[in-house]
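As structure tokens, the structure follows; a few thoughts come after it.
What follows is calculated from the coordinates using simple rules that are stated; it is not laboratory data. Remember, predicted model here, so these are calculated numbers, not experimental data. Note: ideal-geometry Cβ built from the backbone for every residue, glycine included; neighbour counts use all protein chains shown.
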Amino acid sequence: MHGGRSPVLSATGCAGMAKGGSGDVFAGMLGAHLAKPHPEASEAPRRMDAMDLALVAELHGLAGLIAERRIGSEGMTAQDIVAAIPEVFRSDGD
């Protein structure tokens with residue numbers, strides 16, 4: 001992934017995420033992240049940076065890993081990634 005001049009790499013994810021709709025899930029997660037109020041926000045629109053991309057890429061990859069664990073690489077869909085997002089936030093990192 002490339003954001004501006006800073007390449008962003010995430011070591012999370014799995015082969016099961018290489019399906020139609022997975023990128024749309026990522027885009028939705030990024031949009032939701034950027035739409036959240038930010039404590040340092042001013043009246044100016046918030047600009048996306050490499051840290052935003054890195055955070056969302058990590059969360060997206062973790063959701064993919066959870067979906068793979070539940071369903072398996074072959075059968076999982078983008079909707080399974082979406083369904084796994086809440087568990088990412090409940091996880092203690094294991």
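Remarks
- Residues L34, L9, sorted so that the one with the fewest Cβ neighbours within 10 Å comes first: L9, L34
- In terms of other Cβ atoms within 10 Å, F89, F26 run from fewest to most in the order F89, F26.
- Ordering I81, I66, I71 from the fewest to the most neighbouring beta carbons within 10 Å gives I71, I66, I81.
- R69 paired with H33, simple spin-label distance in nm, labels 7 Å along Cα-to-beta-carbon: 2.0
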